[in-house]
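Written below as structure tokens is the structure these notes are about.
Nothing in this text is a laboratory measurement; each read-out follows from the coordinates by a stated rule. What you see is a predicted model; the values in this text were computed from it and never measured. Note that we place each Cβ from the backbone using ideal geometry, even for glycine, and neighbour counts take in every protein chain shown.
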Amino acid sequence: MRILVTNYRLAGTTVGMAKKSVLDLDASGKRVLVRCDFNVPLEGSRITDDRRITEALPTIERLRSQGAVVILASHLGRPKGVDPALSLAPVAARLSELLGVTVPLLVDSVGESTKATVLAAKPGDVLLLENVRFHPEEEANDPAFAKKLAELADVYVNDAFGTAHRAHASTEGVAHILPGYAGLLILKEIEHLGQAVGNPKRPFVAIMGGSKVKDKIALIDNLLPKVDSLLIGGGMTYTFLKAQGLEIGKSILDSSSLDYARKLLQEYPDKIHLATDVVASDAFSADANTKVVPVTEIPADQEGLDIGPETAARFADIIENAGTVLWNGPVGVFELKPFQAGTLSVAKAMAVATGKGAITIVGGGDSAAAVEIFGYADQMTHVSTGGGASLEFLEGKVLPGIAALQDA
């Protein structure tokens with residue numbers, strides 16, 4: 001199967017790129033280096049969310065079934081040199097449980113000992129290299145380090161969508177040395193995200209949250225001409241309200257984007273939907289005093305931290321009657337219980353939309369964490385494993401880790 005990516009902009013031009021995937025690969029008897037994204041959340045040595053591991057299993061199992069030696073590579077966290085607290089040992093243990101075979105963790109990602117262990121492996125074996133970011137050469141995309149990684153294998157597979165927007169040695173550099181293929185997770189990510197922006201079932205509704213408008217300008221510019229409705233929540237709300245001349249109290253304001261917000265409201269008055277009421281608070285705290293107020297009456301000494309019930313109901317009605325829903329960014333500070341209701345309402349409405357036949361896509365990051373916490377992840381069509389990667393893809397940017405793979 002060839003992966004067709006049509007939404008990439010290169011030097012201002014939209015470029016269609018057909019890439020080879022593992023479905024084109026006969027891995028029998030080959031050593032295959034697979035870049036995964038095992039950057040999982042940890043509490044001590046306990047993995048609190050293993051979705052990024054389980055999402056990698058289809059590619060691993062396919063290669064094993066063909067008799068390949070599967071060599072897995074990943075980073076974890078942001079280590080400054082070797083850091084035992086960021087070892088991939090918990091990942092190796094969880095992989096062993098999920099696969100039903102022992103997945104040894106090699107002491108390093110490169111070196112003679114690592115190479116010797118790989119060469120001694122048998123068809124169907126799965127090995128996990130230690131955290132590639134223990135080497136600063138990884139993030140520097142050092143060619144010599146990429147060559148050392150490439151020496152371990154005959155073929156390279158990138159299945160780490162969450163890091164595909166980074167041009168690092170194990171995500172991009174190796175693909176210039178070994179023949180590179182897209183993994184099944186990357187295929188799934190591109191299929192769902194690409195269809196949402198390229199050929200959506202209508203009405204097409206996008207929900208956008210987050211704190212600052214400037215962080216989402218590229219995404220807004222790419223999506224607004226394509227969507228039927230754009231629902232704006234989170235901290236972005238207050239910049240748009242201020243652009244309308246309303247007082248927002250102590251609410252977060254991205255003053256550098258006020259003119260941009262005014263321009264959008266003038267150009268797309270029927271597409272953009274803003275809050276009409278918010279949950280105002282006297283402190284950014286779980287035990288703060290809160291009250292629901294119309295957006296025209298936000299107290300001068302308080303800040304808005306969630307959309308209000310009237311807005312939540314209106315947003316839910318739009319979402320539940322959509323054909324495609326794309327969600328990027330929570331609409332309130334859902335980590336604190338007094339400000340969860342808006343984001344929970346969005347998750348529930350998307351689940352209802354899924355049940356009615358809509359395509360519902362959660363674009364990674366905090367939105368993905370929210371649907372996991374609220375128990376709605378399995379009621380979405382797709383929850384992206386990429387935070388920054390899904391955002392950049394939806395913005396129409398080139399993802400180096402995919403661009404470097406073999407053209408079909």
Rounded to the nearest 0.05, FRET efficiency between Arg46 and Ala288 (Cβ-Cβ, R0 35 Å) equals 0.70
Between Leu265 and Lys122, Cβ-based FRET efficiency (R0 51 Å, step 0.05) works out to 0.20
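With a 10 Å Cβ neighbour count serving as the proxy for reagent exposure, in which order, fewest first, do Lys250, Lys201 appear?
Lys201, Lys250
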Violations at 28 Å Cα threshold for listed pairs Lys226/Lys291; Lys212/Lys263; Lys80/Lys148 -> Lys226/Lys291
Rounded to the nearest 10, the angle in degrees between the Cα long axis of helix 184-198 and the longest principal axis of the Cα atoms of the chain comes to 30
Stokes-Einstein, Kirkwood over Cα pairs, the chain, 25 °C, 0.890 mPa s; D in µm²/s equals 110
Rh (Kirkwood, all Cα-Cα pairs) for region 253-408, Å, reads 17.2
With the 8 Å Cα cutoff and a minimum separation of six or more residues, region 313-399 has a relative contact order in percent of 28
Helix 341-355: inclination vs the chain longest Cα principal axis, degrees, rounded to 10, gives 70
Percent relative contact order for region 22-177, counting Cα pairs under 8 Å at least six residues apart, stands at 30
Expected max-MSF residue from Gly29, Gly234, Gly183 in the GNM of the chain (alpha carbon, under 10 Å) is Gly29
Computed for the chain: size of charge dipole around the Cα centre, +1 on C-beta of each Lys and Arg, -1 on C-beta of each Asp and Glu, debye to nearest 20, value 880
Percent relative contact order for the chain, counting Cα pairs under 8 Å at least six residues apart, stands at 17
Expressed in µm² per second, the diffusion coefficient of region 357-408 from the Stokes-Einstein equation, with Rh the Kirkwood radius over alpha carbon pairs, at 10 °C and 1.306 mPa s, is 130
Too long for a 22 Å Cα-Cα cut-off, among Lys214/Lys271; Lys20/Lys115; Lys188/Lys348, are Lys20/Lys115; Lys188/Lys348
One would report the antiparallel percent of DSSP beta bridges in the chain, rounded to the nearest 5, as 35
